[in-house]
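The values are calculated or read from the model by the stated rules, or taken from the named source; none is laboratory data. Here the structure is a predicted model, which means the values were calculated and not measured. Ideal geometry is used to build each Cβ from the backbone, glycine not excepted, and the neighbour counts take in all protein chains shown. Ligands, DNA and RNA are excluded from the accessible area calculation, which covers all protein heavy atoms including side chains. Shrake-Rupley method; radii C 1.70, N 1.55, O 1.52, S 1.80 Å.
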Amino acid sequence: MTAETLPHKNAPSTTPAALGLGDRPAKAGPADPAATHVRVKLDVEVRALLAHEPGTKSGGDPEDLHQMRVALRRMRSVLKLSGRLVGPDAEPVRAELGWLGQSLGDVRDYDVLIGHLREVVADFAVRDQPAARRLVSKFVTERGGAKRRLTRAMTSPRYDSMLRDIGRLARQPTTAEPTSEATPGSADLVAGLAKPHRKLAKAVKALPSNPPDDDLHALRIYGKKLRYAAEMAKPAAKKKQALRIQRLIKATKDLQTVLGDHQDACVAADRMRGVVASVDSEVAYIAGRIAEKELLRRTEVRAVWRDVWAEVDEAALAVSPR
């Protein structure tokens with residue numbers, strides 16, 4: 001276990017055992033039905049969510065909140081793609097994960113913005129540092145409001161109920177489930193990668209030569225769904241196919257990184273424009289300089305993202321040829 005994934009000393013609000021899960025996450029292999037893989041993935045991710053819950057509440061390290069949000073988004077993606085395999089409660093649980101995800105996302109957006117602003121202004125002249133600190137402190141204050149809303153959500157009965165519902169979906173059945181030739185197997189999870197790949201490819205094909213910022217952000221979401229589907233399919237695949245899927249996972253991570261940089265630059269530039277009217281001239285000057293830098297970063301990303309997409313497309317076709 002790395003330092004990044006170690007839970008904090010204060011305990012989470014509940015434990016895997018309290019959710020009816022075992023001491024360790026269950027495992028699944030190529031011989032297991034697809035539903036088993038879905039439950040295993042939910043088991044793994046709800047444990048990750050709980051491990052980072054104390055740090056998210058305390059706010060000591062923004063990485064805890066980030067990792068908690070990642071675990072939540074993986075669960076939402078799994079339930080969207082394959083939730084039908086674990087029963088009719090999958091969609092209501094996915095909706096509740098979306099409720100919590102909104103609060104986590106609000107705080108995470110501030111963490112990304114504040115961290116990036118601090119890096120940018122660190123290179124500014126000494127005489128500009130007081131104004132730069134005032135600018136950053138404005139967003140720190142706003143983050144405080146978002147964090148209080150998140151804390152209320154995470155200490156509510158609704159949050160506890162959501163965790164129990166995830167636990168029910170993640171638990172392996174105590175008796176063998178009836179199977180037939182129509183029961184989805186591990187191979188179906190691998191074959192299922194073709195669907196998110198097609199959606200991503202269709203979205204790319206529909207873009208003009210100079211796409212709107214929002215369209216590139218939507219593309220990143222499609223890529224993330226493909227990545228999460230690949231992560232769930234990998235344990236279900238045989239050795240050679242698993243290696244191909246690993247290549248696809250890496251390629252989609254790279255696409256996420258590039259398009260994430262683009263989105264972060266767009267958001268930062270927009271936020272800088274938005275503060276100009278409400279701050280003094282010195283802070284407005286700093287905001288303008290930052291906006292200029294972010295627009296340059298946006299341009300740089302736009303020059304390379306299609307090459308990164310080509311790697312994703314090639315890797316996906318190696319797994320599921322058209």
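Odds and ends about this structure:
- Rounded to 10°, Cα long-axis angle of helix 129-154 versus longest principal axis of the chain: 30 degrees
- Accessible area per residue (1.4 Å probe, heavy atoms of protein chains only) ranks LYS147, LYS27 as LYS27, LYS147, with the largest value leading.
- Whether the range 15-124 is rounded, prolate or oblate, judged on the alpha carbon gyration tensor where a/c under 1.5 counts as rounded: prolate
- Note on ASP307 and ALA125: their simple-model spin labels are 3.6 nm apart, each label 7 Å out from Cα toward Cβ.
- Listed pairs LYS199/LYS250; LYS205/LYS238; LYS147/LYS224 exceeding 23 Å between Cα atoms: LYS205/LYS238; LYS147/LYS224
- Computed lengthening from ASP215 to GLU63, 0.36 nm per intervening residue step minus Cα-Cα distance: 52.0 nm
- Anisotropy class of the range 127-262 from Cα gyration tensor, a/c 1.5 cut: oblate
- Cα long-axis angle, helix 305-319 against the chain (0 to 90 degrees, to the nearest 10): 10 degrees
- Extension gain for the segment ARG118 to LEU243, taken as residue separation times 0.36 nm less the Cα-Cα distance, is 41.1 nm to one decimal.
- Each helix, a run of at least 4 DSSP H residues, gives -39500 (n - 2.57); summed and divided by the residues of the chain, these come to -25000 deg cm²/dmol at 222 nm.
- For the cross-link pairs LYS202/LYS253; LYS41/LYS234; LYS57/LYS293, the ones whose C-alpha atoms lie over 22 Å apart are LYS57/LYS293.
- Solvent-accessible area of SER161 with every protein chain in place, 1.4 Å probe, in Å² to the nearest 10: 40 Å²
- Relative to the longest principal axis of the Cα atoms of the chain, the long axis of helix 213-233 lies at roughly 30 degrees.
- Ligands, DNA and RNA excluded, the heavy atoms of TYR159 present near 0 Å² of accessible surface to a 1.4 Å solvent probe.
- Protein-only accessible surface order, largest first, of LYS80, LYS138 at 1.4 Å: LYS80, LYS138
- Rounded Å value of the spacing that divides the Cα centres of the range 208-237 and the range 240-302: 17 Å
- When nucleic acids and ligands are ignored and a 1.4 Å probe is applied, GLU314 ends up with an accessible area of around 100 Å².
- Extension gain, ARG158 back to LYS250 (0.36 nm per residue minus Cα-Cα distance, nm): 29.5 nm
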